[in-house]
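Working notes, beginning with the structure itself.
The values are calculated or read from the model by the stated rules, or taken from the named source; none is laboratory data. Here the structure is a predicted model, which is why all the values come from computation and not from measurement. Positions of Cβ are backbone-derived with ideal geometry, glycine not excepted, and every protein chain shown enters the neighbour counts. Note: areas computed on protein heavy atoms with side chains; ligands, DNA, RNA excluded. Shrake-Rupley method; radii C 1.70, N 1.55, O 1.52, S 1.80 Å.
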Protein chains: 2
Amino acid sequence: MSTSVDVPESSNVEKGRGVTVAAARPGGTKKGLAIMDFILRLGGIAAAISAAAIMGTADQTLPFFTQFFQFEASYDSFPTFEFFLISMAIVGAYLVLSLPFSVVTIIRPHADGARLLLLILDTVFLTLATSSAAASAGIVYLAHNGDQNTNWIAICNQFGDFCLATSSAVVAAFAAVVILALTVVMSGVALRSR
Amino acid sequence: MSTSVDVPESSNVEKGRGVTVAAARPGGTKKGLAIMDFILRLGGIAAAISAAAIMGTADQTLPFFTQFFQFEASYDSFPTFEFFLISMAIVGAYLVLSLPFSVVTIIRPHADGARLLLLILDTVFLTLATSSAAASAGIVYLAHNGDQNTNWIAICNQFGDFCLATSSAVVAAFAAVVILALTVVMSGVALRSR
């Protein structure tokens, strides 16, 4: 007859407390990683939302116009920048919604299910954030430098403020990318540590 | 006196076999995931190398020329496509070098250190592959559609073969991205399962 029959499967924390003598502070590494994960997510929310906001408000109208055209540049002049705005808003919303799960991993350091869920979703949104940031970076490069071979002219001479705003948005987006990559790696480390 | 004192720490497989009665086939999930991981990596190598090869050989010279210009398009006309070629070659090389570590996780399903290393490096190269694929996709879109607001003309009417080749390379690169994202997720699942 074993005494462990009565212990329900879900009481991992209690079990951990039971072996405190053997290994000091069980789940201490996990808890530390979970707290860092939470803080990183707050930074990621700030980066993603500010990237979306900067891109959304990037709008410049030149102070001269012809009979037919008024020269204006805004994010919806470029499909890539629209994709950037939408995907950064989605990433920001996801990061906000992921906060409760991050809190669960702080309160219950052995809740590996929530941690695995976060790892999978973080990987998906890391790919989304990276693709929109990189595609916009390519367009921003073209706007700054143009392309000789195809006669695509640089527009940043005329639309300096617009170019500055979109460049800042891309930088903020890459900050969100770095943070998401860190959370993926930290989830992996936390899943490994006992 | 316990008989288990003589068992060295490294013999995880033997230990696993010892408790077969309690849990059927310990590490079976991990081994299956490791084998799938290896197969996915082979597919990723094919995708990354073919993406680099298609982009590297994309070259089209138009059959007419003026006194000053010969109209030619190749990957080195666009800095983004050069970045694409270099980063896809790097990703392909990384995937080849990661095969031995994948074999280690097949032979020793409980070698979580190798698995964690693969997860971290996979995340890094996932970001690299995604950024180059997305940036090139943005340029390919411009080459196909041009941009009204900036008077960037579509070049695919003239350079049809070149556009087809670069589009195919981008598709192959996104296949490599999907495979890398899958290996990251599978490493996470394998780290969680006991």
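Answer with yes or no whether B:Ile179 is outside any helix (DSSP H, G or I) and either buried (at least 21 other Cβ atoms within 10 Å of the Cβ) or touching a strand residue (DSSP E or B) at 6+ places or on another chain (Cβ under 6 Å) (or both). In short, no.
Working only within region A:92-146, note down all residues that are hydroxyl-bearing (Ser, Thr, Tyr) and more than 9 Å from chain B (Cβ to nearest Cβ).
The initial filter retains those residues of region A:92-146 that are hydroxyl-bearing (Ser, Thr, Tyr), namely A:94, A:98, A:102, A:105, A:123, A:127, A:130-132, A:136, A:141.
Of everything in region A:92-146, those that are hydroxyl-bearing (Ser, Thr, Tyr) and more than 9 Å from chain B (Cβ to nearest Cβ) turn out to be A:Tyr94, A:Ser98, A:Ser102, A:Thr105.
All told, B:Phe162 meets the bar of being assigned to a helix (DSSP H, G or I) and in contact with a strand residue (DSSP E or B) (Cβ under 7 Å, 6 or more places away or on another chain).
Being on the phi > 0 side of the Ramachandran plot, open to solvent by 60 Å² or more (accessible area, probe 1.4 Å) and without any contact (Cβ under 8 Å) to a residue 40 or more places away in the chain is a property that does not hold for B:Asn145. Here B:Ala169 clears all of (1) within 14 Å of chain A (Cβ to nearest Cβ); (2) in contact with a Ser or Thr (Cβ under 9 Å, 6 or more places away or on another chain); (3) open to solvent by less than 10 Å² (accessible area, probe 1.4 Å); (4) not hydroxyl-bearing (Ser, Thr, Tyr) except the condition numbered (1). Any residue at all in region B:67-76 that's in contact with a strand residue (DSSP E or B) (Cβ under 7 Å, 6 or more places away or on another chain), within 11 Å of chain A (Cβ to nearest Cβ) and without any contact (Cβ under 8 Å) to a residue 60 or more places away in the chain? So far as region B:67-76 goes, yes, one or more of its residues are in contact with a strand residue (DSSP E or B) (Cβ under 7 Å, 6 or more places away or on another chain), within 11 Å of chain A (Cβ to nearest Cβ) and without any contact (Cβ under 8 Å) to a residue 60 or more places away in the chain.
Criterion first (among the hydrophobic types (A, V, I, L, M, F, W, C), under 18 Å from B:Ile54 (Cα atoms), in contact with a helix residue (DSSP H, G or I) (Cβ under 8 Å, 6 or more places away or on another chain) and touching a residue at least 40 places away in the same chain (Cβ under 8 Å)) does B:Ala129 satisfy it? Show your work before the answer.
Details: among the hydrophobic types (A, V, I, L, M, F, W, C): yes; under 18 Å from B:Ile54 (Cα atoms): yes; in contact with a helix residue (DSSP H, G or I) (Cβ under 8 Å, 6 or more places away or on another chain): yes; touching a residue at least 40 places away in the same chain (Cβ under 8 Å): yes.
Judged against the criteria, B:Ala129 is a match.
The number of residues in region B:154-166 that are open to solvent by less than 30 Å² (accessible area, probe 1.4 Å) and touching a residue at least 24 places away in the same chain (Cβ under 8 Å) comes to 5. Identify the single condition in (1) surrounded by fewer than 21 Cβ atoms within 10 Å (Cβ to Cβ); (2) more than 7 Å from chain A (Cβ to nearest Cβ) that B:Ser87 does not satisfy, given that it satisfies every other one. Here B:Ser87 clears every test but (1). Based on what the data block shows, is B:Ile54 open to solvent by less than 80 Å² (accessible area, probe 1.4 Å), modelled with pLDDT of 90 or more and assigned to a helix (DSSP H, G or I)? In short, yes.
Of the residues making up region B:91-129, those that are touching a Leu at 6+ places or on another chain (Cβ under 7 Å) and either open to solvent by 60 Å² or more (accessible area, probe 1.4 Å) or outside any helix (DSSP H, G or I) (or both) number 1. The condition (being surrounded by 20 or more Cβ atoms within 10 Å (Cβ to Cβ) and farther than 30 Å from A:Ala73 by Cα) is satisfied by just one residue among B:Ser193, B:Ser136, B:Ser187: B:Ser187.
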